[in-house]
Amino acid sequence: MSTSLSFLAPLQDDIRAVEGMMLAQMEGHHADLRNALDLILKSGGKRIRTSLTLLSGRTFGADPQRLKTLAAAIELLHTATLVHDDLIDGSLLRRGLPTLNSQWSPGATVLTGDFLFARAAVLAADTESIPVIRQFAHVLGVIVNGEITQLFASRCKASRDDYYERIYAKTASLFETSTWSAAVIGGAEAPAVEAMRNYGYQVGMAFQIIDDILDFTSDAAQMGKPVGSDLRQGLVTLPCLYYLEDHTADPDVQPLFQGRCLSDEQLSRVVASIRESHAIERSYQEAERFVHLGLESLRSVPPSPERSALEELADYIVARKL
């Protein structure tokens, strides 16, 4: 399995160009908007969605400029969701660096996120593909609906169906939009477009499961947030669901079976127990299952260096430590 992103080295020039296109969206507008985007971009991120978009489009010979425009639209949309997510969650750090809402008022933070959504839509329109523009609008609705559902219906809810719907809206929906849209821009035939959509969906689901595992297995310094932060916010993720299945008699988890949140003392004990349980291994196996399905779908696409890189990227997703 790939444990680094060295196989994506050929994309680095295009990734920098995509970031430049994102920053260019701030030109002619309030200076603090560019400063805000600079801050967000400097907080890191491996540009997985950008890489997926570029590789998927290159697989079908997509026009390089339209492809980079699409990648910038998707990455800017993702960035806008992060701005709003950090505010909603009250997060003061992301990857160890201050979030925008830690420095700006809630109103200014919301408006910045809104502006980024708007500029992302402009970039999507610049692809000059009606199907891509429609999909872009659709996935934005999926993401926002998922956030609202999470706020009002998913707190302290121990449900596998709810979890998978939530991580689809949060992560996999944009992954599949990246690969599907890039294939459309590349003029791929319908079966290939569907294969790329399914690949994006599967690796997106795996990506979020790994994130949810790392929420328990990494330390606070690595993640830039407390261990078990999702559960502390009342969000029951896959490691916790597996733990609940195997430890129904644990008195600390009884409130979750009743749709109630845990006390601070219960939270600390449950987080420690999950870290030491088989729930982590089972969650990795589920992520690997999703990746396997994605790779099966991808193999219906003709072999190419780009397809090989997408295969390595899928392996990397389940091997990463951050």
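The values are calculated or read from the model by the stated rules, or taken from the named source; none is laboratory data. Not measured: the values here are computed from a predicted model. All Cβ positions, glycine included, derive from the backbone under ideal geometry; neighbour counts span all protein chains shown. Areas reflect the complete protein model, heavy atoms only, side chains present, ligands, DNA and RNA absent. Shrake-Rupley method; radii C 1.70, N 1.55, O 1.52, S 1.80 Å.
Computed values, structure above
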| read-out | value |
| --- | --- |
| Residues of region 25-38 that turn out to be buried (at least 19 other Cβ atoms within 10 Å of the Cβ) and in a loop (DSSP other than H, G, I, E, B), as a count | 2 |
| Ala121 vs. criteria touching a residue at least 40 places away in the same chain (Cβ under 8 Å), within 20 Å of the chain's Cα centre (by Cα) and open to solvent by less than 20 Å² (accessible area, probe 1.4 Å) | no |
| Residues being in a helix (DSSP H, G or I), under 30 Å from Arg66 (Cβ atoms) and in contact (Cβ under 8 Å) with a residue 40 or more places away in the chain - total across region 185-210 | 15 |
| Of all residues in region 124-143 being of a type in the set (Gly, Ala, Ser) and closer than 22 Å to Ala172 by Cβ, the one that is surrounded by the most Cβ atoms within 10 Å (Cβ to Cβ) | Ala124 |
| Among the residues listed as Arg269, Arg299, the single one being under 30 Å from Gly57 (Cα atoms) and more than 20 Å from the chain's Cα centre (by Cα) | Arg299 |
| Selected residue (criterion: modelled with the lowest pLDDT) from residues of region 225-245 that are open to solvent by 30 Å² or more (accessible area, probe 1.4 Å) and either out of contact with any helix residue (DSSP H, G or I) (no Cβ under 9 Å at 6 or more places or on another chain) or over 14 Å from Arg275 (Cα atoms) (or both) | Lys225 |
| Hits in region 167-184 (condition: without any contact (Cβ under 8 Å) to a residue 60 or more places away in the chain and hydroxyl-bearing (Ser, Thr, Tyr)) | Tyr168, Thr171, Ser173 |
| Test result for Ser304, in contact with an Asp or Glu (Cβ under 8 Å, 6 or more places away or on another chain) and either of a type in the set (Ser, Thr, Tyr) or more than 28 Å from Leu5 (Cα to Cα) (or both) | no |
| Verdict on Gly259 being open to solvent by less than 80 Å² (accessible area, probe 1.4 Å), of a type in the set (Gly, Ala, Ser) and on the phi > 0 side of the Ramachandran plot | yes |
| Glu265 being acidic (Asp, Glu), part of a helix (DSSP H, G or I) and in contact with a Leu (Cβ under 9 Å, 6 or more places away or on another chain) | no |
| Close pairs (9 angstrom Cβ cut-off, 6 or more residues apart or separate chains): under 14 Å from Leu52 (Cβ atoms) and open to solvent by 40 Å² or more (accessible area, probe 1.4 Å) in region 290-317, part of a helix (DSSP H, G or I) and among the charged types (D, E, K, R) anywhere | Glu306/Arg58 |
| Odd one out for Gln222, checked against (1) in contact with a helix residue (DSSP H, G or I) (Cβ under 9 Å, 6 or more places away or on another chain); (2) in a helix (DSSP H, G or I); (3) modelled with pLDDT of 95 or more | (3) |
| Test: residue in region 220-238 that is farther than 30 Å from Thr99 by Cβ, without any contact (Cβ under 8 Å) to a residue 24 or more places away in the chain and touching a Ser or Thr at 6+ places or on another chain (Cβ under 9 Å) | no |
| Subset of region 60-101 that is modelled with pLDDT of 95 or more and farther than 19 Å from Leu174 by Cβ - its residue that is least open to solvent (accessible area, probe 1.4 Å) | Phe60 |
| Only listed residue being closer than 21 Å to Tyr199 by Cα, assigned to a helix (DSSP H, G or I) and of a type in the set (Lys, Arg), chosen from Arg166, Arg119 | Arg166 |
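Listed here are the residues, each with its yes/no results for (1) open to solvent by less than 50 Å² (accessible area, probe 1.4 Å); (2) assigned to a helix (DSSP H, G or I); (3) in contact with a strand residue (DSSP E or B) (Cβ under 6 Å, 6 or more places away or on another chain); (4) farther than 22 Å from Thr112 by Cα.
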{"site": "Pro10", "(1), (2), (3), (4)": "no, yes, no, yes"}
{"site": "Asp14", "(1), (2), (3), (4)": "yes, yes, no, yes"}
{"site": "Leu23", "(1), (2), (3), (4)": "yes, yes, no, no"}
{"site": "Ile40", "(1), (2), (3), (4)": "yes, yes, no, no"}
{"site": "Thr53", "(1), (2), (3), (4)": "yes, yes, no, yes"}
